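J.: One structure, pasted below without further comment.
The values are calculated or read from the model by the stated rules, or taken from the named source; none is laboratory data. Here the structure is a predicted model, which means the values were calculated and not measured. Neighbour counts are summed over all protein chains in view; Cβ atoms, including those assigned to glycine, are modelled from backbone coordinates with ideal geometry. We work out accessible area using only protein heavy atoms, side chains counted, and drop any ligands, DNA or RNA first. Shrake-Rupley method; radii C 1.70, N 1.55, O 1.52, S 1.80 Å.
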Amino acid sequence: CLKVMPAEKAVKAWTGPLGSPRDYSFGRLYVEVKSNRGTINPKIKISSEMQLAVQPPEELYLCVLGLEEAPNGTINLADEVKQTRDAIGDDYLAIEELALRLAAVGYSDEVDYAVVTWDITSEASYQVTEGFPRITSSNLTPGVSEVKYSIDQSKCEPFKVELSSVEQAIGECNGRTV
């Protein structure tokens, strides 16, 4: 997000910590980010029937990152937060917004998140459109809600898009190109 919009706007787009069913909101464009562990029969865990619901003219993308814990892994949470803060720079309001959202998800600078490291084993992005494997409130019997389920990632292949397409869509809805 920081590539295609001002820092404060990018941080405010991270709406998941504030109770939104999706991780990022850019007007009528939404992005849900998931991670999974393991490469044998990978599943994408969905936390509610609202998470992958979309009504035209809305657009929704699902980005999935495969992670494996590794003793000398290439990423850790502490470094990712530091890189984000560094990218924001001296934009005080954006830094404060980020701090609020990190606190909302339980992140604390007092915890040493660098001790657990990860390797990225896969990356995939999908556009959630008609036919995408999902459960929405319209699929449910009245009175049923807060449904948690898993999607077989291999069944999402027909909906696969390049991450650059997701970045471009975000940029376009914010008046910039990537």
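J.: Answer yes or no as to whether residue 164 is at pLDDT below 95, of a type in the set (S, T, N, Q) and within 27 Å of residue 49 (Cβ to Cβ).
T.: Numbers: at pLDDT below 95: yes; of a type in the set (S, T, N, Q): yes; within 27 Å of residue 49 (Cβ to Cβ): no.
Answer is no for this residue.
J.: Within the group 11, 54, 64, 31, which residue is touching a residue at least 40 places away in the same chain (Cβ under 8 Å) and part of a loop (DSSP other than H, G, I, E, B)?
T.: On the way: 11 fails: part of a loop (DSSP other than H, G, I, E, B); 64 fails: part of a loop (DSSP other than H, G, I, E, B); 31 fails: part of a loop (DSSP other than H, G, I, E, B).
The conditions single out 54.
J.: Look through segment 77-111, keep the residues that are within 19 Å of the chain's Cα centre (by Cα) and of a type in the set (Asp, Glu), and return whichever of them is nearest to residue 18 (Cα to Cα).
T.: Looking only at segment 77-111, we keep the residues that are within 19 Å of the chain's Cα centre (by Cα), and these are 77-85, 87-88, 94, 97-107.
Keeping just the survivors that are of a type in the set (Asp, Glu) gives 79-80, 97.
On the way: 79: 23, 80: 20, 97: 11 Å.
Within segment 77-111, the match that is nearest to residue 18 (Cα to Cα) is 97.
J.: Quick one: count up the residues across segment 76-127 that are assigned to a loop (DSSP other than H, G, I, E, B), under 14 Å from residue 7 (Cβ atoms) and open to solvent by less than 80 Å² (accessible area, probe 1.4 Å). Spell out how you get there, then give the answer.
T.: Of all residues in segment 76-127, those assigned to a loop (DSSP other than H, G, I, E, B) come to 76, 89-91, 105-112, 116-117.
Filter again for under 14 Å from residue 7 (Cβ atoms), leaving 89-91.
Imposing the further condition that a residue be open to solvent by less than 80 Å² (accessible area, probe 1.4 Å) reduces the set to 89, 91.
The number of residues fulfilling the criteria is 2.
J.: Let me ask something else. Identify, by number, the condition in (1) in a loop (DSSP other than H, G, I, E, B); (2) free of Cβ contacts under 8 Å to residues at least 40 places away in the same chain; (3) surrounded by fewer than 19 Cβ atoms within 10 Å (Cβ to Cβ) that residue 72 doesn't meet.
T.: (2)
J.: Residue check, residue 45 against (1) farther than 30 Å from residue 154 by Cβ; (2) touching a strand residue (DSSP E or B) at 6+ places or on another chain (Cβ under 9 Å); (3) open to solvent by 40 Å² or more (accessible area, probe 1.4 Å); (4) not hydroxyl-bearing (Ser, Thr, Tyr), all met but one. Which one?
T.: Result: residue 45 passes all but (1).
J.: Restricting segment 128-167 to residues that are part of a helix (DSSP H, G or I) and acidic (Asp, Glu), which is surrounded by the fewest Cβ atoms within 10 Å (Cβ to Cβ)? If you could, list the steps in order and put the result at the bottom.
T.: Let us first name the residues in segment 128-167 that are part of a helix (DSSP H, G or I), namely 137-139, 153-159, 163-167.
Subset that is acidic (Asp, Glu): 157, 167.
Numbers: 157: 9, 167: 18.
Here the residue is 157.
J.: While we're on this one: Go through the residues of segment 112-121 one by one and say whether even a single one is under 17 Å from the mean Cα position of the chain (by Cα), small (Gly, Ala, Ser), over 17 Å from residue 52 (Cβ atoms) and at pLDDT below 95.
T.: Scanning segment 112-121 turns up no residue that is under 17 Å from the mean Cα position of the chain (by Cα), small (Gly, Ala, Ser), over 17 Å from residue 52 (Cβ atoms) and at pLDDT below 95.
J.: Considering every residue within segment 3-17, establish whether at least one is closer than 18 Å to residue 164 by Cβ and surrounded by fewer than 15 Cβ atoms within 10 Å (Cβ to Cβ).
T.: Yes, segment 3-17 contains at least one residue that is closer than 18 Å to residue 164 by Cβ and surrounded by fewer than 15 Cβ atoms within 10 Å (Cβ to Cβ).
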